[in-house]
Amino acid sequence: MIRIAAVGDVHVDEDVVGRFRPALEELPDCADVLLLAGDLTRHGTESEARCVAQEFGNLGVPVITVLGNHDHQCDQVPQVVNVLEDVGITVLEGTGTVVECAGGRLGVAGVKGFGGGFAGRCASDFGEPEMKSFVRTTNESSEALAKALRALECDLLVALTHYSPVPDTLAGEPLEIYPFLGCYQLGQAIDSAPTALALHGHAHHGTERGTTPGGVRVRNVAHPVIKQAYSIFHLGDHLVG
Ligand SMILES: [Fe+2]
């Protein structure tokens, strides 16, 4: 069995530092790894990234993250990534990593992802250059996730995104904004590999549980949804959590 702790949308700045840390200090007793589903900061500044590093660095378990849209806001992504990597946090973007756990090798492939919408209600690669560029971003991001998932050699495979791969976990959000919260292409990517669990954030008013068309369990771990420092998933023959 592999124990995964996960949370997204922690939106750390100076005011938030210290709020998660007491619960995080207990992680080595209850989890093999911590996965962060993006939107670590409020505006993606280097100084906010330092606050994230202070809160989520040096925890005693590996920490793996993707960035979210907020982490891109101030165009300081390279600086943000450097600050996080300096404290040992692994930042995934169209890439994957394998963690050796007592219960086996956990493979995590991650990408921020993008919007676009879901089957029957989605943007299409047609018309103005701006719309084509939008959908191209969606497609490229999803293809990168598919490639990263299929490249990992591991016992259990997890997909980590910020945007949602399914509409199920958006229930509670206004229907009008679904296309800005996720896209079906991420779900297709997850279904193209033997993925055991897909974790995402971004939908603060969404729902915790969903399933891809291919039957992969999806969990929205946005902090406002799970209402705790992190959720724990026990991955083995059966998913618990
Ligand atoms: Fe977000």
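The values are calculated or read from the model by the stated rules, or taken from the named source; none is laboratory data. Treat the numbers as computed from the prediction; the structure is a model and nothing was measured. A quick note on method: Cβ atoms are made from the backbone with ideal geometry, for glycine too, and the neighbour counts reach across all protein chains shown. Surface accessibility is based on the protein's heavy atoms, side chains included, excluding ligands, DNA and RNA. Shrake-Rupley method; radii C 1.70, N 1.55, O 1.52, S 1.80 Å.
Think of a 1.4 Å ball rolled over the protein heavy atoms: segment 2-235 then has 42 Å² of accessible area per residue. In segment 148-241, the convex hull through the Cα atoms has an average projected area of 5.8 nm², a quarter of its surface area.
Only helices enter the 222 nm calculation for the chain: every DSSP H run of n ≥ 4 contributes -39,500 (n - 2.57), and dividing by all residues gives -7500 deg cm²/dmol, rounded to 500.
Within a straight-line Cα-Cα reach of under 28 Å, LYS147 can be paired with the following lysines, leaving aside sequence neighbours fewer than 8 residues apart in one chain: LYS112, LYS132. Between GLY88 and any residue 5 or more places off or on another chain, the built amide H atoms are never under 5 Å apart.
Scalar couplings 3J(HN,Hα) for segment 58-75, obtained by applying the Karplus form with A = 6.51, B = -1.76, C = 1.60 to θ = phi - 60°, are 6, 9, x, 10, x, 10, 10, 9, 10, 8, x, 4, 4, 6, 9, 4, 9, 6 Hz; x denotes Gly and Pro. Restriction of the GluC sites (Glu not before Pro) in segment 112-181 to DSSP coil positions whose beta-carbon has at most 13 other beta-carbons within 10 angstrom yields GLU153. Distance between the pseudo-spin-label points of SER47 and MET1 (7 Å out from Cα toward the beta carbon): 4.5 nm. Sequentially through segment 32-47, phi angles give Karplus couplings (6.51, -1.76, 1.60; θ = phi - 60°) of 8, 7, 10, 10, 10, 9, x, 6, 6, 10, 8, 10, x, 8, 4, 5 Hz, Gly and Pro residues having no value and appearing as x. Surface composition of segment 154-227: carbon plus sulfur atoms hold 56% of the accessible area, using a 1.4 angstrom probe and ignoring ligands, DNA and RNA. May I ask for the net charge around ALA31, where only other residues with Cβ less than 14 Å from the Cβ of ALA31 are counted and Lys, Arg are +1 while Asp, Glu are -1? Its environment carries a net charge of -3. Once both labels are positioned 7 Å from their Cα atoms along Cα-to-Cβ, the gap between GLN54 and ASP86 label points is 1.3 nm.
Computing Rg and the Kirkwood Rh from the Cα coordinates of segment 55-124 gives a ratio, Rg/Rh, of 1.07. Per the Cα gyration tensor, the chain maps to an equivalent ellipsoid with semi-axes of 25, 21, 16 Å, ordered largest to smallest. Annotation for GLN79 and GLU25: the two label points, set 7 Å from Cα along the Cα-Cβ direction, are 3.1 nm apart.
Semi-axis lengths, largest first, of the ellipsoid equivalent to segment 1-45 are 22, 13, 5 Å, with √(5λ) applied to each eigenvalue of the Cα gyration tensor. To put it simply, the accessible area of segment 1-86 at a 1.4 Å probe is 42 percent carbon and sulfur.
Oblate is the label for segment 27-157, because a/c, from the alpha-carbon gyration tensor with a ≥ b ≥ c as root eigenvalues, is 1.5 or above and a/b does not exceed b/c. Summing charges over all other residues whose Cβ lies under 14 Å from the Cβ of VAL98, with Lys and Arg as +1 and Asp and Glu as -1, gives -2.
Shown here for segment 9-86: trypsin sites (Lys or Arg not before Pro) in loop regions (DSSP other than H, G, I, E, B) with at most 14 other Cβ atoms within 10 Å, namely ARG19.
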